[in-house]
Amino acid sequence: MRPDDNHFKNLIKAAESGNDEAQAHLGWKYKQGEDLTAPDYTKAIHWLTKAAEQENINAQNNLAWIYYNGEGLESPNFTEAKYWYKKAAEQGDAAAQNSLGWMHYTGEGDSAPNYDEARHWYEKAAEQNNVNAQNNLGRLYHNGSGLKAPDYIMAKFWYEKAAEQGHLNAQFNLGLIYQEGEGFQTPDYEKARYWYEKAAGRLSENILE
């Protein structure tokens with residue numbers, strides 16, 4: 001398919017008529033360079049913004065991604081990235097909630113990290129079974145970020161949620177908690193080995209893929 005094909009022309013026509021799904025899809029095509037010579041980030045931002053302003057969640061996420069990674073820009077724009085992630089997060093999108101939590105955790109786009117906000121958005125996403133958020137939330141509790149002290153029980157809880165779904169980092173982190181005996185009276189090397197082996201298996205699968 002080329003930009004002069006009928007399908008592409010019809011997509012542009014629908015986008016120009018104000019259809020947010022068409023705008024989001026067209027913006028994504030320009031972002032990915034799908035069936036084009038190369039990505040066109042100027043057009044991608046144009047159409048994704050049109051759709052995002054109509055509360056299209058996919059467009060908001062893709063637009064935030066462009067700004068976060070600085071695709072087609074001189075440098076990342078964390079302020080715009082956070083703005084659009086928050087728009088999608090407020091509509092209940094778990095991926096955006098996790099991304100927004102991460103930006104608050106790292107302090108990207110702000111003068112300093114905001115661990116309370118990070119925990120708030122991680123929890124929103126984790127409760128929707130987003131494994132990345134579950135691992136990130138576990139790490140927040142593990143490190144005691146924004147807390148008076150590490151909370152190993154909550155760290156283990158969220159690591160376990162993600163680990164049971166095959167999240168490699170969560171499996172490793174859970175193994176570490178058992179190895180160090182954090183939150184327990186003594187280390188549990190058998191469980192530590194179990195989760196390390198799970199993580200090693202996932203790593204091997206990823207390499208083979």
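A few remarks follow.
- Considering residues of region 116-129 that are over 15 Å from Gln165 (Cα atoms) and not hydrophobic (A, V, I, L, M, F, W, C) only, the residue surrounded by the fewest Cβ atoms within 10 Å (Cβ to Cβ): Asp116
- Residue list for region 1-60, filter: in contact with an Asp or Glu (Cβ under 6 Å, 6 or more places away or on another chain) and among the β-branched types (Val, Ile, Thr): Ile57
- If you go through region 46-77 and keep only what is modelled with pLDDT of 95 or more and at positive phi, you end up with Glu55, Gly70.
- For region 1-43, a residue qualifies if it is farther than 24 Å from Leu73 by Cβ, among the acidic types (Asp, Glu) and assigned to a helix (DSSP H, G or I), and the qualifying residues are Glu16, Glu21.
- Pairs with Cβ under 7 Å, 6+ apart, first in region 106-118 and touching a residue at least 24 places away in the same chain (Cβ under 8 Å), second in a helix (DSSP H, G or I) and loosely packed, with under 15 Cβ neighbours inside 10 Å: Gly109/Thr79; Pro113/Thr106
- Verdict on Asn136 being in a helix (DSSP H, G or I) and not basic (Lys, Arg): yes
- Selected residue (only one of Gly27, Gly70, Gly33, Gly18 is under 27 Å from Lys124 (Cβ atoms) and surrounded by fewer than 18 Cβ atoms within 10 Å (Cβ to Cβ)): Gly70
- Filter result for the condition that a residue is of a type in the set (Gly, Ala, Ser) and either touching a Pro at 6+ places or on another chain (Cβ under 7 Å) or surrounded by 14 or more Cβ atoms within 10 Å (Cβ to Cβ) (or both), over Ala112, Ala199: Ala199
- Evaluated against (1) buried (at least 16 other Cβ atoms within 10 Å of the Cβ); (2) without any contact (Cβ under 8 Å) to a residue 24 or more places away in the chain; (3) not in a helix (DSSP H, G or I), Gly146 falls short on exactly one condition, (2).
- Scanning region 98-120 for residues that are among the polar types (S, T, N, Q) and assigned to a loop (DSSP other than H, G, I, E, B) turns up Ser111, Asn114.
- Conditions (1) closer than 24 Å to Asn56 by Cβ; (2) crowded, with 22+ Cβ neighbours inside 10 Å; (3) not acidic (Asp, Glu): number failed by Asn132: (2)
- Number of positions in region 56-68 that are under 14 Å from Leu100 (Cα atoms) and polar (S, T, N, Q): 3
- The residue pairs whose first member lies in region 156-184 and is on the phi > 0 side of the Ramachandran plot, whose second member is surrounded by fewer than 17 Cβ atoms within 10 Å (Cβ to Cβ), and whose beta carbons are closer than 6 Å, counting only pairs six or more residues apart or on different chains, are Gly181/Pro187; Gly183/Ile153.
- Taking every residue in region 26-53 that is free of Cβ contacts under 8 Å to residues at least 24 places away in the same chain and pairing it with any residue that is part of a helix (DSSP H, G or I) and of a type in the set (Gly, Ala, Ser), at least 6 positions away or on another chain, the pairs with Cβ-Cβ distances below 7 Å are Leu26/Ala15; Tyr30/Ala44.
The values are calculated or read from the model by the stated rules, or taken from the named source; none is laboratory data. Just so you know, these numbers come straight off a predicted model, no measurement behind them. FYI the Cβ positions are ideal-geometry reconstructions off the backbone, even for glycines, and counts take in every protein chain you see.
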